[in-house]
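Right, one structure below, let's go through it.
Computed from the coordinates by the stated procedures, all read-outs in this text should not be read as laboratory data. What you see is a predicted model, and the numbers here were worked out from it, not measured in a lab. Don't worry about glycine lacking a Cβ; one is built from the backbone with ideal geometry, like all the others, and counts go over all protein chains shown.
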């Protein structure tokens, strides 16, 4: 079994939400002080750009991994992804992980009029170009989606940068097992989904699975679950009908009301039952949360990336994650 890489050592946390640009530095420092292993930047359009926030976090920390989870090669050409990633690795040597995904047709084609053809082919081509450029190669590549002619980075990183694919479906998971270092699973990745991701890469002992995991810790179980319900209601609507939910036994008939509520401009918080919280989130007392994390560890998750709900104050949550959950995760994590 290959040695576990340092970038999956310890709990991670996602830096996201309204106001994150003004507090990214503060939160990154707090995450490192709390003993967390990584901070991750989400790039959803049209939210704050990932590389700016990642660079800010990298510049004020010295130990935590800086994860990009995920950026896409349509709005950022693969050559630009390689340029930006190499620059970030210069700020934080040995501390960068790159997540690549194709985003979705509505954002890319519908709102920005960028052709969104053959997403899996585009992702395969992007990985090939980015990996070669980051390795210091001079690249000429003519693909179906992307082309570069005689391109080389001026300052490639001195060490390889792990590349994860932000994918869910069977064909996309097979691609990740073939060309990537692992999978960055979406939010609402249940233990059952983590097992399916693992099954997609048989024989790959070096294949890593990380996931955005909604986490809220409180001495009052009901308070933590109340914080969590709006988050789950929103994403159950966003991911309605997708295989990631089917993996957990939550079919389209159950998530349709969440989707319909979103389309009507509402969030169906009242429909989030305790079993949905238990299936997709870690929420409750410290003991509750440790028991929940054990289910993801048993499924083979290498790294949970905590998504703290907006109703919970991130600063005290970071401290509690570091003090009450991170040590337990280090004991239970897959080895």
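Neighbour counts of C-beta atoms inside 10 Å place 45, 74 in the sequence 45, 74, starting with the fewest. Out of every Cα pair in the chain, what percent are spaced more than 34 Å from each other? Cα-Cα pairs of the chain separated by over 34 Å account for 19 percent. In the elastic network of the chain, a GNM with C-alpha springs shorter than 10 Å, the most mobile of 20, 39, 210 is 20.
Remark: 193, 47 ranked as 47, 193, counting other beta-carbon atoms within 10 Å and listing the fewest first. Highest mean packing comes first when the peptides 184-191, 287-294 are listed by Cβ atoms within 10 Å, giving 184-191, 287-294. Given a Förster radius of 56 Å and the C-beta distance between residue 273 and residue 152 as r, what FRET efficiency does 1/(1 + (r/R0)^6) yield to the nearest 0.05? For residue 273 and residue 152, the calculated efficiency is 0.55. Coordinate range of the alpha-carbon atoms in segment 84-160 per principal axis, descending: 38, 25, 18 Å. Note on the chain: antiparallel DSSP beta bridges, both residues inside, total approximately 10 percent of the bridges counted. Using a 7 Å offset from Cα along Cα-Cβ at residue 144, what residues in segment 95-126 end up with backbone N under 18 Å from the label point? Within reach of a label on residue 144: 101-105, 109, 115-126.
When both segment 64-125 and segment 156-194 are represented by their alpha-carbon centers, they are found 13 Å apart.
Quotient of the Cα radius of gyration of segment 182-333 and 2.2 N^0.38 Å, N being its number of residues: 1.02.
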